[in-house]
Amino acid sequence: MREVGDKVFVETGFPEGNVGVIKLREGVILVDVPPSPQEAEKWLKEMGESILYIVVTDCHPMRLLGLLKAPFPKIAHYNLREELLGAKAYFKLIFRECYQKYWDGEALEDFEPFLPTFAFKGEMTLHRGRDVIKLLSTPGPTSASITVYLPKEKILFTGALVTRGVHPDLRLAISAQWIESLRRLKALPIEVLIPGKGEPCGPEAIDEMAEYLSKVRGLVKEFYQSGKGRTDVAKLVNNLLPSFTCPPEQEEEVRSLLRAGLARIYDEVKAENKGGA
């Protein structure tokens, strides 16, 4: 676990993404939990009995599964409730895939264990003594995506909104809102940025993420406007794959995620064009 600020820590050693810790006088606030039961148990045991809250940075199953091992108060965006209570078939499909990757047995059909204890819209501020923690609604990776900002320390936990060195998961994305959320974050004084994946860095990662998403949207938009169909959008995978390196044994999985993500963006671009017609 690495200290990135006064009483602020990040663990980058879990393969599915970073998790964070904000240490306060009364206890700790966790930013996400690893998805696998073994990693979640290890992480929570390391924290001991001092957990005050777990901040859940979006409604992707990768951010939810570890909560099955975490009987602590959860804070999330209001849309997480909406997404879970009205879960659509595509979300359930992704959930089953993620569940089967890490957990034994049949995937849950009831999402009650993941519902937040506290939910907010827009912005939520936690005051613990002199410590101030701001939770900001930043939709994009999912409709329930949030970032965690410590204004005094100028530290930002982005969740999946910013990743480094890997292709982001676009399967639940709203790419236009994602780019807008990144634009709004640029107004914050940031010295240390904790991405959802990758090493802590500076605010330049915001521009890098926006550039990648703009490239994806541009390719898909051009593809759509040329009259090509949704099933053909997979042809764009080869254009995007070289953007980040990945081990040969992971290439097929990355290709699969890209195909599904591009189809998601295609549907979004198509809806935008119909709405403007």
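The values are calculated or read from the model by the stated rules, or taken from the named source; none is laboratory data. Everything numeric in this text was worked out from a predicted model, so none of it was measured. Don't worry about glycine lacking a Cβ; one is built from the backbone with ideal geometry, like all the others, and counts go over all protein chains shown.
So if I check each of LYS23, LYS74, LYS42, which one is without any contact (Cβ under 8 Å) to a residue 12 or more places away in the chain and more than 21 Å from ALA173 (Cα to Cα)?
On the way: LYS23 fails: without any contact (Cβ under 8 Å) to a residue 12 or more places away in the chain; LYS74 fails: without any contact (Cβ under 8 Å) to a residue 12 or more places away in the chain.
LYS42 is the lone residue from the list that is without any contact (Cβ under 8 Å) to a residue 12 or more places away in the chain and more than 21 Å from ALA173 (Cα to Cα).
Within region 212-264, track down each residue that is farther than 18 Å from LEU172 by Cβ and in contact with a Phe, Trp or Tyr (Cβ under 7 Å, 6 or more places away or on another chain).
If the condition is that a residue be farther than 18 Å from LEU172 by Cβ and in contact with a Phe, Trp or Tyr (Cβ under 7 Å, 6 or more places away or on another chain), then TYR224, LEU236, SER243 are the ones that fit.
From (1) under 22 Å from the mean Cα position of the chain (by Cα); (2) of a type in the set (Lys, Arg); (3) not assigned by TED's automatic domain parsing to the domain that holds ASP32, pick out the condition that doesn't hold for LYS197.
Of everything listed in (1) under 22 Å from the mean Cα position of the chain (by Cα); (2) of a type in the set (Lys, Arg); (3) not assigned by TED's automatic domain parsing to the domain that holds ASP32, LYS197 misses just condition (3).
Restricting to region 88-106, name every residue that is more than 17 Å from PRO34 (Cα to Cα) and surrounded by fewer than 15 Cβ atoms within 10 Å (Cβ to Cβ).
Within region 88-106, LYS88, ALA89, TYR90, LEU93, GLY105, GLU106 meet the criteria.
Within region 75-114, can you find the residues that are within 21 Å of LEU135 (Cβ to Cβ), in contact with a helix residue (DSSP H, G or I) (Cβ under 7 Å, 6 or more places away or on another chain) and β-branched (Val, Ile, Thr)?
Of everything in region 75-114, nothing turns out to be within 21 Å of LEU135 (Cβ to Cβ), in contact with a helix residue (DSSP H, G or I) (Cβ under 7 Å, 6 or more places away or on another chain) and β-branched (Val, Ile, Thr).
Of the residues VAL10, VAL56, VAL28, which is closer than 19 Å to ASP131 by Cα, in the same structural domain as THR117 (by TED's automatic domain parsing) and surrounded by 21 or more Cβ atoms within 10 Å (Cβ to Cβ)? Walk me through how you get there before you give the answer.
Details: VAL56 fails: closer than 19 Å to ASP131 by Cα; VAL28 fails: surrounded by 21 or more Cβ atoms within 10 Å (Cβ to Cβ).
From the options VAL10, VAL56, VAL28, the qualifying one is VAL10.
Is there a residue in region 173-184 that is touching a residue at least 12 places away in the same chain (Cβ under 8 Å), assigned by TED's automatic domain parsing to the domain that holds GLY159 and more than 25 Å from TYR90 (Cβ to Cβ)?
Yes, the conditions are met somewhere in region 173-184.
Just need a number here: residues in region 31-53 that are crowded, with 17+ Cβ neighbours inside 10 Å and charged (D, E, K, R).
Of the residues in region 31-53, the ones crowded, with 17+ Cβ neighbours inside 10 Å are 31-36, 39-40, 43-44, 47, 51, 53.
Remaining after also requiring charged (D, E, K, R): 32, 39.
Within region 31-53, residues that are crowded, with 17+ Cβ neighbours inside 10 Å and charged (D, E, K, R) number 2.
Which one is nearest to VAL269 (Cα to Cα), of the residues in region 185-198 that are surrounded by fewer than 16 Cβ atoms within 10 Å (Cβ to Cβ) and either without any contact (Cβ under 8 Å) to a residue 24 or more places away in the chain or out of contact with any Gly (no Cβ under 8 Å at 6 or more places or on another chain) (or both)?
At the first step, the residues of region 185-198 found to be surrounded by fewer than 16 Cβ atoms within 10 Å (Cβ to Cβ) are 186-187, 189, 191.
From the residues that got through so far, the ones that are either without any contact (Cβ under 8 Å) to a residue 24 or more places away in the chain or out of contact with any Gly (no Cβ under 8 Å at 6 or more places or on another chain) (or both) too are 186-187, 189.
Numbers: LYS186: 25, ALA187: 27, PRO189: 32 Å.
Taking the candidates together, the pick is LYS186.
Determine if region 217-240 includes at least one residue that is touching a residue at least 60 places away in the same chain (Cβ under 8 Å) and surrounded by 12 or more Cβ atoms within 10 Å (Cβ to Cβ).
To start, the set of residues in region 217-240 that are touching a residue at least 60 places away in the same chain (Cβ under 8 Å) comprises 240.
Restricting the remaining residues to those that are surrounded by 12 or more Cβ atoms within 10 Å (Cβ to Cβ) gives 240.
Within region 217-240, one or more residues are touching a residue at least 60 places away in the same chain (Cβ under 8 Å) and surrounded by 12 or more Cβ atoms within 10 Å (Cβ to Cβ).
Go through region 26-82 and count every residue that is acidic (Asp, Glu) and assigned to a helix (DSSP H, G or I). Steps first, answer last, please.
If we filter region 26-82 for residues that are acidic (Asp, Glu), which is where we start, we get 26, 32, 39, 41, 46, 49, 58, 82.
Imposing the further condition that a residue be assigned to a helix (DSSP H, G or I) reduces the set to 39, 41, 46, 82.
Number satisfying all stated conditions: 4.
Taking THR163 as meeting all but one of (1) crowded, with 22+ Cβ neighbours inside 10 Å; (2) within 17 Å of ARG184 (Cβ to Cβ); (3) in contact with a Gly (Cβ under 9 Å, 6 or more places away or on another chain), write down the number of the exception.
(2)
Applying the selection to region 161-178, what residues are among the aliphatic types (A, V, I, L, M) and within 22 Å of GLU272 (Cβ to Cβ)?
First, the residues of region 161-178 that are among the aliphatic types (A, V, I, L, M): 161-162, 166, 170, 172-174, 176.
Within region 161-178, LEU161, LEU170, LEU172, ALA173, ILE174, ALA176 meet the criteria.
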